[in-house]
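The values are calculated or read from the model by the stated rules, or taken from the named source; none is laboratory data. These numbers were taken from a predicted model, which means no experiment stands behind them. Every residue, glycine as well, gets a Cβ built from its backbone with ideal geometry; the counts of neighbours run over all protein chains shown. All accessible areas refer to the heavy atoms of the entire protein, side chains included, with ligands and DNA or RNA removed. Shrake-Rupley method; radii C 1.70, N 1.55, O 1.52, S 1.80 Å.
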Amino acid sequence: MKTGLVLEGGAMRGLFSAGIIDVLMENDVQFDGIVGVSAGAAFGCNMKSRQAGRAIRYNTKYAKDWRYCSLRSLITTGDIFGGEFCYHYLPKHLDIFDNEAFNQNPMEFFAVCTDVETGEPIYKRLMKADDECYEWIRASASMPLASKIVNINGQKVLDGGISDSIPLKFMQQQGYEKNIVVTTQPAGYVKEKNSFLPLMRLQLRRYPRFLDAVANRHEMYNAQLEYVAEQERQGKTLVLRPESALTIGHITHDADKMWETYNIGRALAEKRLEEIKEYVAPPLSPLREEIM
């Protein structure tokens, strides 16, 4: 029975998820596969490379570097989170991403992106860490208005959260029967229609299907929350969500706020660690059950 980890996005709210996955790594909780959306992909890839602590380390260290995240970066590069700096220079030179460990780990890793021309999700299976892999992760986390379209081998892609924010169904369709879902919103959250849609219509007017996906995203997202909750009630998935709304913004340069969000995730994972271990543990064989 394959076990999966589903990581929602949420920009800097993703540090909540980073806190959780670091505790899981530190306690040798392993999965057969991970799917990450947006920040879930950008931070979740560190689980496949077995680099606990890396996400919070580089986020806090480079938070005030204009190349990492700034209006200057948006104006000069088209990306508020600098595409070249964040996804190529930093992992190769400043906080090294362990390509070899990523490649050798048999765990499947999927990054979700949205095809700008069709408005449909792309589930990219990434098993080799190289420049193309980094670009898929970058594309998954490229928010409309704050990022330029990422072109990968002729495919135009942006933020995976636009088309599939919580891809639990996708993992189930891949044969992952036991999944842990990490959301970055508390129970009872309801997403509203995107207030920036008029601006997106101006910027992305050549891509009407993508704009349709943006316009309908709140309905898709709320339906996914209902599905996740129903699967949780049926005991078919385990959900880790913040107990109250995270106060960090989509973008922040405040290292203390980053640590606060990260530590909320760590505290939740530590609190529920035994439950998590029991849930992902392989089932006992009939013979062993009889002996016990």
Quiz item: If only Cα atoms are counted, what is the Rg of the chain, and what is its Dmax, in Å?
Solution: 18.5, 67
Quiz item: Hey, what's the per residue convex hull volume over the C-alpha atoms of the stretch 154-292, in cubic angstrom?
Solution: 172 Å³
Exercise. On each of the three principal axes of the Cα atoms of the stretch 28-157, give max minus min coordinate, whole Å, ordered largest first.
Key: 42, 37, 21
Practice problem: Calculate, axis by axis, the spread of Cα positions in the stretch 99-139 along the three principal axes, and write the results as whole Å, longest axis first. | Solution: 34, 18, 9
Self-check item: Per-residue HN-Hα couplings for the stretch 154-163 [Karplus 6.51, -1.76, 1.60; θ = phi - 60°; Hz; x = Gly/Pro]
Solution: x, 8, 9, 9, 9, 2, x, x, 5, 10
Quiz item: By how many nm would the segment from Trp66 to Tyr279 grow when fully extended, if each residue of separation counts as 0.36 nm and the alpha-carbon distance is taken off?
Solution: 72.4 nm
Quiz prompt | Sites matching trypsin sites (Lys or Arg not before Pro) across the stretch 180-261 that sit in DSSP coil, with at most 12 neighbouring C-beta atoms within 10 Å | solution = Lys193, Arg205, Arg206
Quiz item: Any idea of the accessible area per residue across the stretch 148-203, 1.4 Å probe, to the nearest Å²?
Solution: 48 Å²
Exercise. For Glu177 and Gln104, calculate 0.36 nm times their separation in residues minus their Cα-Cα distance, and state this gained length in nm to one decimal.
Key: 23.9 nm
Exercise. Show which aspartates and glutamates lie in cross-link reach of Lys124 when reach means a straight Cα distance below 19 angstrom and same-chain residues fewer than eight apart are skipped.
Key: Glu8, Asp32, Glu108, Asp115, Glu132, Glu135, Asp159, Asp164
Self-check item: Cα-based Rg of the stretch 179-231 normalised by 2.2 N^0.38 Å, two decimals
Solution: 1.37
Quiz item: Per residue and in Å³, how big is the convex hull formed by the alpha-carbon atoms of the stretch 91-244?
Solution: 140 Å³
Quiz prompt | Calculated diffusion of the stretch 104-165, Stokes-Einstein form, Kirkwood radius summed over Cα pairs, 20 °C and 1.002 mPa s, µm²/s | solution = 185 µm²/s
Exercise. Determine which aspartates and glutamates satisfy two conditions relative to Lys61: a Cα distance under 12 Å, and not lying fewer than 8 residues away in the same chain.
Key: Asp95, Asp254, Asp256
Exercise. Work from the charge dipole of the chain (Cβ charges, +1 for Lys and Arg, -1 for Asp and Glu, about the Cα centre) and give the residue of Ser17, Phe31, Leu74 farthest towards its positive end.
Key: Leu74
Quiz prompt | Interchain or long-range residues, amide H under 5 Å from Thr237's placed H | solution = Glu232
Quiz item: GNM on the chain, C-alpha springs below 10 Å: top fluctuator among Val280, Val190, Val37?
Solution: Val190
Quiz item: How much length is gained on full extension from His88 to Met127, taking 0.36 nm per residue of separation minus their Cα-Cα distance?
Solution: 12.3 nm
